[in-house]
1. Apply the Debye scattering formula to region 198-262, with a single equal point scatterer on each alpha-carbon and no solvent, then give log10 I(q)/I(0) at q = 0.12, 0.14, 0.28 Å⁻¹.
2. Using the charge dipole of the chain (Lys, Arg: +1 at Cβ; Asp, Glu: -1 at Cβ; taken about the Cα centre), state which of PRO141, ILE281, ALA255 has its Cα farthest towards the positive end.
3. Give me the angle, in degrees from 0 to 90, between the Cα long axis of helix 43-52 and the longest principal axis of the Cα atoms of the chain, rounded to the nearest 10.
4. With just the Cα atoms defining each centre, how far is region 36-86 from region 280-296? Give it in Å.
5. Using the alpha-carbon atoms, what tilt in degrees (0 to 90, nearest 10) does helix 291-301 show relative to the longest principal axis of the chain?
6. Taking 2.2 N^0.38 Å as the expected size of a compact globular protein, what ratio does the Cα radius of gyration of region 118-271 give against it, to two decimals?
7. From largest accessible area down, sort LEU336, LEU59; use a 1.4 Å probe on the protein chains.
8. Quick one: helix 83-99 against the long Cα principal axis of the chain, what's the angle to the nearest 10°, folded into 0 to 90?
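The values are calculated or read from the model by the stated rules, or taken from the named source; none is laboratory data. Not measured: the values here are computed from a predicted model. FYI the Cβ positions are ideal-geometry reconstructions off the backbone, even for glycines, and counts take in every protein chain you see. Ligands, DNA and RNA are excluded from the accessible area calculation, which covers all protein heavy atoms including side chains. Shrake-Rupley method; radii C 1.70, N 1.55, O 1.52, S 1.80 Å.
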Amino acid sequence: SRNGVSMSSKLFSPIRLAELELPNRIVVPPMCQYSADDGCANDWHMTHLGMLANSGAGLVVVEATHVTRPGRITHGCLGLYSDANEAALKRVIDHCKRIGKSKFGIQLAHAGRKASTQRPWEGGKGLHRNGGDEPWETMGPSGATFGAEWPSPREMTAEDFKHAADAFVQAAERAVRIGFDAIELHMAHGYLMHSIQSPLSNQRTDEYGPSRQAGWRYLFDTVAAVRAAVPRAIPLGARITGSDWQDGGLTTDDAVEFARGLKEAGLDFLDVSSGGARADIRNPTAPGYNVPAAERVRREAGIPSRAVGLVTTPQQAEDIVAEGKADMVAIGRAFLDDPHWAWEAARQLGGEVERPNQYLRVGRSLWSGVSKPRT
């Protein structure tokens, strides 16, 4: 025990990534809010992220933040492609760090052929000019569309590949200036970097094709360039795909091999997700369906892994970490439902979370069910 608190919970044990020390293994993953103004964070983000700053999670990761303006998923997506974007996000992160205990990371992304899309509550399909949606041109490694309701992307040129890599580097430099504690690259869910890796979306036969010697090499080189721009003290990671869930697509064997290359390129951790390569593919719906892939990446590639996807209960999260299946767990929707999910997890598992002084009146008497009346 430490300070009289049980330290038997693995979920509430500390973890070190590069030179970042996190007090527990709970991560709030990136969750798009679709509420930015031309990529700029605003009062919605101030409120949303401020709410999570005292959630008890060791790390809160800001939603997919796009490295170019045409690389946004929707008109409402965050960006880090301009000085205005950088200043707006720095205002929010400075505020969160002033009021909260959690560390903050950011996910850098380019939507590729899944860009120019409606917000989910507007339908989530491709934008259409005749509907006054103000669509824009998208791009991908090949000209194939993501799905029937999406526009066909422009096939990328060598210059497009170079520009995308440079944009990730510049956005990472902005993230460092803002003061993020951790940075991760979005290489999953059918967005640009995943679409380059997967044969389901990349039909090229040149140096940018989907083979390990071509498109994979481009991705490793891009990661190495970002790593060179991010101080080694700051953990740099990526979200990768554990499976495309489609014959002919990427498998967990591929994920392990890809993870080895990413580790060699300088990454400190990997978040293992899956699916999203094409609109018609459906992911499994079993609780923790990505955990087996996260476990294999951790064990076979020798890199800290984070499991994500229908991890909802404290005991489920505890078991994943305690059984060595992942080093961290990402809890998304459960935190939207209960921003103090980690407080409840600490109650159940005998862990401890730092709470702000203003909330200390939520003491252990409240935690033990019905407290005895004072006499």
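1. Result of the Debye calculation: -0.34, -0.46, -1.27.
2. Of the listed residues, the answer is ALA255.
3. 50
4. 26
5. With rounding to tens, the tilt is 80 degrees.
6. 1.09
7. So the residues, ranked largest to smallest area, are LEU336, LEU59.
8. Tilt relative to the chain: about 10 degrees.
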